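Structure first, commentary second.
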Amino acid sequence: MAAAAAVPGPGPAEPAAPGEEAAAVGPQGPGPARLARLPLARVKALVKADPDVTLASQEAVFVLARATELFVETIAKDAYVYAQQGKRKTLQRKDLDNAIEAIDEFAFLEGTLD
């Protein structure tokens, strides 16, 4: 069995570099500033639900989780622009639909939210 590798980064006495998120660890575990916000165990379960996938490394699961987070963040920010145009702070389905229609990067989603 291999030993877990130490994660490089600022220790308790070292401050995080500007623009770098520090992992906050409290009594309940990692805080909101941790590197992946989606539960990796659930992401791994979703990956393993695909019959074509036999093995998924922890690194692959992490990359999928992080990519998903970035995608959701991007589409939410773009949809929020449409909510603001409607003088709202709450995203609605129509805001997502407008973002998907207007932004070329989301063209692959057209017709999938029906």
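The values are calculated or read from the model by the stated rules, or taken from the named source; none is laboratory data. Here the structure is a predicted model, which means the values were calculated and not measured. Reconstructed Cβ throughout: ideal geometry from the backbone, glycine too, with neighbour counts over all protein chains shown. In case anyone asks, the SASA skips ligands and DNA or RNA and just uses the protein heavy atoms, side chains included. Shrake-Rupley method; radii C 1.70, N 1.55, O 1.52, S 1.80 Å.
Taking 0.36 nm per residue of separation and subtracting the Cα-Cα distance, full extension of the segment from Val47 to Glu110 would add 20.3 nm. Spin-label model, Gln58 to Leu70: label points 7 Å out along the Cα-to-beta-carbon direction sit 2.2 nm apart. Go ahead and collect, in residue order, the members of segment 40-79 whose backbone nitrogen is under 18 Å from a label point 7 Å along the Cα-Cβ direction of Arg93. Output list for this probe position: 76, 79. Evaluated with a Cβ-only charge set (Lys, Arg +1; Asp, Glu -1), segment 56-108 carries a dipole of roughly 400 debye about its Cα centre, given to the nearest 20. Dipole orientation for segment 46-114: of the candidates Gln85, Ala49, Val61, Gln85 has the Cα lying most toward the positive pole (charges on Cβ; Lys, Arg +1; Asp, Glu -1). A simple rule links phi to the HN-Hα coupling: the Karplus curve 6.51 cos²θ - 1.76 cosθ + 1.60 with θ = phi - 60°, which for segment 65-77 gives 5, 5, 4, 5, 4, 5, 5, 4, 4, 5, 5, 5, 5 Hz, with x for Gly and Pro. Expressed as a whole percent, the accessible surface of segment 33-105 that belongs to carbon and sulfur atoms is 59, based on a 1.4 Å probe. The residues packed around Gln84, meaning those with a beta-carbon under 15 Å from its beta-carbon, carry a net charge of +3 if Lys and Arg are +1 and Asp and Glu are -1.
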